[in-house]
Amino acid sequence: MNPYRITGPAQIGLSGGRTSGKMMHDILDAHDGKLPPDVIVTFQNTGKEDDRTLVFINEMDKRWGLGVVYLEYDRVYGQPKDKPWFKVVDFETASRNGEPFDMMLAYFAEYRRVEKGLPPILPNFSNNLCTGHLKIRVTEKYMRSLGYDEWDCIIGIRRDEPRRYHKMMAANAKGNSRWESICPPYEAGVTKDDVAEFWSRQPFDLGIDSDLGNCDLCWKKSEDKIYRAIIEDPSRVLWWSGTEEKFAQVFRQDRPKYAHMGWYAERMATQESFDFEQAGLVTENIDCFCGD
């Protein structure tokens, strides 16, 4: 059975990474170039994606006729219960400066202040707010708004990402969600090399180092990759350091706050070479819904 043959209702999560892009192409091939009407392609925009991610998605959308639905978190504390948690945007109107992320953080800051008497909180290992609300809950609310009670969630996880895959399967086994995760690239045995070979044959590409991912300075990235990304574009650190300062919180307790990493990166940039391993910096990313 072809793992790329999708029986709806289903939602294809186009993360904007190369793996999800290849998966999208393989799904189209399996359906002779046209998706079933109850198979929806979405991109959940946080406003902190590298802009090349949005350009990449737009190219796939235009070239392959995907009909991508761009979704953003849109919720304020105290709003009417029947108001949607999301809004539909497009490539031109999608946020580029973290606006959905800011709105989500403001919501939880007010909720915690009013209802629990607690200080604000930032996404962390104990409470992954960004994935949970900017990605998963936004998609759930959108699919339910279309009238679906249950659906399959199609995710681009490769065979060489077994930890991510088995985490998804464990969540399926619990049966607590309206959707079930399906990972066609894993089932098809696709690896990172297969993805790279596919895009080497295409007339367009993402244009981002695959080790850096889409979210510009995601707190789940390894420390060395944070430094590399800041050195490439120092302005990236401003939103993250500003957010930590605004809420008087940090994303992670186990490493310097973003303002300090920005300062360190500035000094690293003046050195001809810098050995991240010798410096004892973490070099492994943490799994994230956002993809590669």
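The values are calculated or read from the model by the stated rules, or taken from the named source; none is laboratory data. Note that the structure is a prediction, hence the values are computed from the model and not measured. Cβ placement follows ideal geometry from the backbone for every residue including glycine, while neighbour counts extend to all protein chains displayed.
Figures for the structure shown
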item: Residue list for the range 38-69, restricted to those being part of a loop (DSSP other than H, G, I, E, B), surrounded by fewer than 18 Cβ atoms within 10 Å (Cβ to Cβ) and either on the phi > 0 side of the Ramachandran plot or modelled with pLDDT under 95 (or both); result: G65, G67
item: Conditions (1) part of a helix (DSSP H, G or I); (2) without any contact (Cβ under 8 Å) to a residue 40 or more places away in the chain; (3) out of contact with any Cys (no Cβ under 9 Å at 6 or more places or on another chain); (4) buried (at least 18 other Cβ atoms within 10 Å of the Cβ): number failed by M104; result: (3)
item: Filter result for F204 (surrounded by fewer than 14 Cβ atoms within 10 Å (Cβ to Cβ) and of a type outside the set (G, A, S)); result: yes
item: Pair list, Cβ < 7 Å and 6+ apart or interchain, from the range 46-63 residues that are touching a residue at least 12 places away in the same chain (Cβ under 8 Å) to residues that are among the charged types (D, E, K, R) and outside any loop (DSSP other than H, G, I, E, B); result: G47/E99
item: Flag if R236 is in contact (Cβ under 8 Å) with a residue 12 or more places away in the chain, more than 23 Å from I157 (Cα to Cα), part of a loop (DSSP other than H, G, I, E, B) and of a type in the set (K, R); result: no
item: Whichever residue in the range 260-278 is in a loop (DSSP other than H, G, I, E, B) and among the hydrophobic types (A, V, I, L, M, F, W, C) and, among such residues, is modelled with the lowest pLDDT; result: F276
item: Selected residue [aliphatic (A, V, I, L, M) and assigned to a helix (DSSP H, G or I)] from V195, V250, V190; result: V195
item: Tabulated pairs, the range 154-171, first within 14 Å of T191 (Cα to Cα), second among the polar types (S, T, N, Q) and part of a loop (DSSP other than H, G, I, E, B), C-beta under 6 angstrom, 6+ apart or interchain; result: R158/T191; R159/T191; D160/T191
item: Evaluation of D90 against (1) over 28 Å from Q249 (Cα atoms); (2) exposed (fewer than 14 other Cβ atoms within 10 Å of the Cβ); (3) touching an Asp or Glu at 6+ places or on another chain (Cβ under 9 Å) (one fails), failing number; result: (3)
item: Residues located in the range 24-37, provided they are among the charged types (D, E, K, R), closer than 14 Å to I12 by Cα and free of Cβ contacts under 8 Å to residues at least 60 places away in the same chain; result: K34
item: Meets criteria (more than 25 Å from M24 (Cβ to Cβ), under 18 Å from the mean Cα position of the chain (by Cα), modelled with pLDDT of 95 or more and surrounded by fewer than 18 Cβ atoms within 10 Å (Cβ to Cβ)) for E99; result: yes
item: Identity of the residue in the range 123-140, of a type outside the set (D, E, K, R) and crowded, with 21+ Cβ neighbours inside 10 Å, that ends up farthest from F251 (Cα to Cα); result: T139
item: Test: residue in the range 203-224 that is assigned to a helix (DSSP H, G or I) and of a type in the set (K, R); result: no
